[in-house]
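> The structure follows.
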């Protein structure tokens, strides 16, 4: 039986646990498949997914920093991806490259499971970053009624995201002030990932009851 291959695409991507998770379920369910890592630069990503089948894959997942590029490059998108403006899942359908977004569901489900009661009345959330992952987090948090603030080093990127979702945008210099009123802090940057600089933020102003994600 032919083994179908999928992969997670990002840069960097060595930190991803997706191959371990998907590999476990492929083996447990007896599905003849393989799930791999593909470290693709910003320049290499569009070329790779434009010939996904030719590269030997039936689909895959997209992580930092390619989610917005994937949104632009697919032939069709699901409702969540359209609302968020980012794609984290790719698959081929009748030869066409399709895109979807499962980040919002996964993010909120994990937050509910790991930090029950996080959505306190008047909840304020601070999202670091303004890429595809940040878009998903902002959308999900807003859907749950949180007051959302977005911080990014390039303020114009934060402003674009804020305008799309009706939230507030700030530069990184606002972080110390915002932390004092934050109930949920979400890091959607690549800082702190393998091969990237650390995320250097003083968390002392943060409430003791705050959730850090």
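The values are calculated or read from the model by the stated rules, or taken from the named source; none is laboratory data. Keep in mind that this is a model prediction, so the values were computed, not measured. Because the Cβ atoms are built from the backbone with ideal geometry, glycine has one as well, and the counts that use them run over all protein chains shown.
> Working carefully through the options 153, 164, find the one that is within 29 Å of residue 41 (Cα to Cα), touching a residue at least 12 places away in the same chain (Cβ under 8 Å) and assigned to a helix (DSSP H, G or I).
On inspection, the qualifying residue turns out to be 164.
> Would you check which residues across the stretch 130-141 are over 15 Å from residue 102 (Cβ atoms), modelled with pLDDT under 95 and assigned to a helix (DSSP H, G or I) and list them?
The answer is 134, and nothing else.
> A further question follows. With the structure loaded, tell me whether residue 126 is surrounded by 18 or more Cβ atoms within 10 Å (Cβ to Cβ) and part of a helix (DSSP H, G or I) or whether it fails that test.
No, not satisfied.
> Go through (1) surrounded by 17 or more Cβ atoms within 10 Å (Cβ to Cβ); (2) at pLDDT 95 or above; (3) in the same structural domain as residue 172 (by TED's automatic domain parsing) one by one and return the number of the condition residue 71 breaks.
Unmet condition: (3).
> Of all residues being surrounded by fewer than 12 Cβ atoms within 10 Å (Cβ to Cβ) and under 20 Å from the mean Cα position of the chain (by Cα) in the stretch 172-199, which is modelled with the highest pLDDT? Just the residue, please.
Here the answer is 198.
> Within the stretch 95-115, can you find the residues that are at pLDDT 95 or above, surrounded by fewer than 13 Cβ atoms within 10 Å (Cβ to Cβ) and either in contact with a helix residue (DSSP H, G or I) (Cβ under 6 Å, 6 or more places away or on another chain) or not in a helix (DSSP H, G or I) (or both)?
Listed by number, the list holds a single entry, 96.
> Considering only residues that are without any contact (Cβ under 8 Å) to a residue 40 or more places away in the chain, surrounded by fewer than 19 Cβ atoms within 10 Å (Cβ to Cβ) and not in a loop (DSSP other than H, G, I, E, B), which ones fall in the stretch 74-88?
Result: 76, 79, 82.
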